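The values are calculated or read from the model by the stated rules, or taken from the named source; none is laboratory data. Everything quoted here is computed from the prediction, not taken from an experiment. Every residue, glycine among them, receives a Cβ derived from its backbone with ideal geometry; neighbour counts consider all protein chains shown.
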Amino acid sequence: MGPREDELIAMSGDDEFLDAPDDSPVDGSVSDDNDELVSEMDAGLGADGNDPCPHGRSPQISTAAAHGRSTMRDVAQLAGVSIKSVSRVVNGDPNVSSTMRHRVQRTIRQLDFVPDASAAALRRSDHRTRILGILLQDLGNDYSARLFHQLEKSAWLSSYALFTASLEEQSEKERRIIQDLLERRVDGLILIPTCSRQDYLQTRVDAGLALVCVDRRPSGLMVDSVTTDNWLGAKMATEHLINQGHRKIAFLGDYTAIESSNDRFNGYLDALRSAGVPADPRLLCTGIRSIAEGRQALDSLLDAGTTVTAVMTGRNDLTVGAVSCLQSRGLNTSIALVGFDDVPMAQFVQPPVTVVEQAIETIAEKTARRIVARVDGDISPIHDIVVPPRLVIRGSGEIPPQD
């Protein structure tokens, strides 16, 4: 689910509480003491189990229900039972008879009633909403999309509703969406940090907010984090190209103010330094993010006559841009390429692209476990979980230098 930030949560409101105290029937037709004993016919069911009409009653449905937003009171009124009976069915009370459960559930379907989770939380002893906010960078990017998919599949989060949004490296958007989610009483947040510092959340964390950062560590805030070893991955990629004989290795990367991007840039530089290869400033292109910018950056290097025998890209979109540039110039079998992050097209171009693959399934699983633990009250020391990447050799990174 990826709504706009002003549509993150839409819940039915009005007067319903999922543990309603009202014991009296809304229309006075059936008492709460007796409505568990109602027969199939008294519940308004025909011989075939269907309900052509609510047994002769013509209850008046509220204005909200008439406009498509039903309340618990509307369900009780149409079913001819008390609000408390509806509450017991909605909350899965095991002591409700099958007849009553069927009756109320049928009316809920008829009215398309959706319980108010935030109202329910106010009445529950643990004040839980069973809702988590997941704030990633760009759901249009393959990494964010795959991470959310794996979080959604995690058994640890199966009992939670997940609301997600793209932050797109906008600090103000991070603050605004987090504030909106907290006002709506989410149980916890999974966050790829955008702001330079996250200490504005300190009072919330101190008050019990469950927060886990993923992909990047937070700054100025001590909370759990799950990240890839970005420095190691970039170092592995660059060393692989050096081992093929390359010395003129261009680097295309994101903004170095972003922790993960900076780690990848430093991994590249440290690999060159360890091999005694001087870093050529002409081959360093940072602050680029999109496919188009990746292609343009490599085009500019080649148009300037700079010698490039290999390319290491620090972001999946830049890998796609580099592939596009090399293919358009007929250099895809002449210049080696290793990309950080896998991309769907990597296996289907010629040659297939060698990549540093992040263990997204593992990252998602560890993130899910930590957020659930914190929501459940875990007060253990902060967990700084670092997941190693792996080099996937496919062909493009094994092209030898042509000079």
Worksheet item: Within the group THR306, THR286, which residue is under 17 Å from ILE249 (Cβ atoms), polar (S, T, N, Q) and surrounded by 15 or more Cβ atoms within 10 Å (Cβ to Cβ)?
Response: THR286
Item to complete: Evaluate segment 202-225: report whether one residue or more is without any contact (Cβ under 8 Å) to a residue 12 or more places away in the chain, outside the structural domain of ALA304 (by TED's automatic domain parsing), within 23 Å of the chain's Cα centre (by Cα) and farther than 25 Å from ALA292 by Cα.
Response: yes
Fill in: Residue list for segment 278-303, restricted to those being aliphatic (A, V, I, L, M) and either in a helix (DSSP H, G or I) or modelled with pLDDT under 95 (or both)
LEU283, ILE291, ALA292, ALA297, LEU298, LEU301, LEU302
Worksheet item: If you check GLY276 against the conditions, is it out of contact with any strand residue (DSSP E or B) (no Cβ under 7 Å at 6 or more places or on another chain), touching a residue at least 24 places away in the same chain (Cβ under 8 Å) and outside the structural domain of ASP376 (by TED's automatic domain parsing)?
Response: no
Worksheet, complete the sentence: Flagged pairs (Cβ under 6 angstrom, 6 or more apart or on separate chains; first in segment 329-354, more than 17 Å from ALA297 (Cβ to Cβ) and not assigned by TED's automatic domain parsing to the domain that holds LEU318; second modelled with pLDDT of 95 or more and of a type in the set (A, V, I, L, M, F, W, C)) are none
Discussion item. Of the conditions (1) in contact with a strand residue (DSSP E or B) (Cβ under 7 Å, 6 or more places away or on another chain); (2) of a type in the set (D, E, K, R); (3) surrounded by fewer than 17 Cβ atoms within 10 Å (Cβ to Cβ), GLU361 satisfies every one except a single condition; which number is it?
Written reply: (1)
Practice prompt. Could you grab me the full set of residues in segment 223-262 that are part of a helix (DSSP H, G or I) and either closer than 12 Å to VAL277 by Cβ or charged (D, E, K, R) (or both)?
Written response: LYS235, THR238, GLU239, LEU241, ILE242, ASN243, GLU259
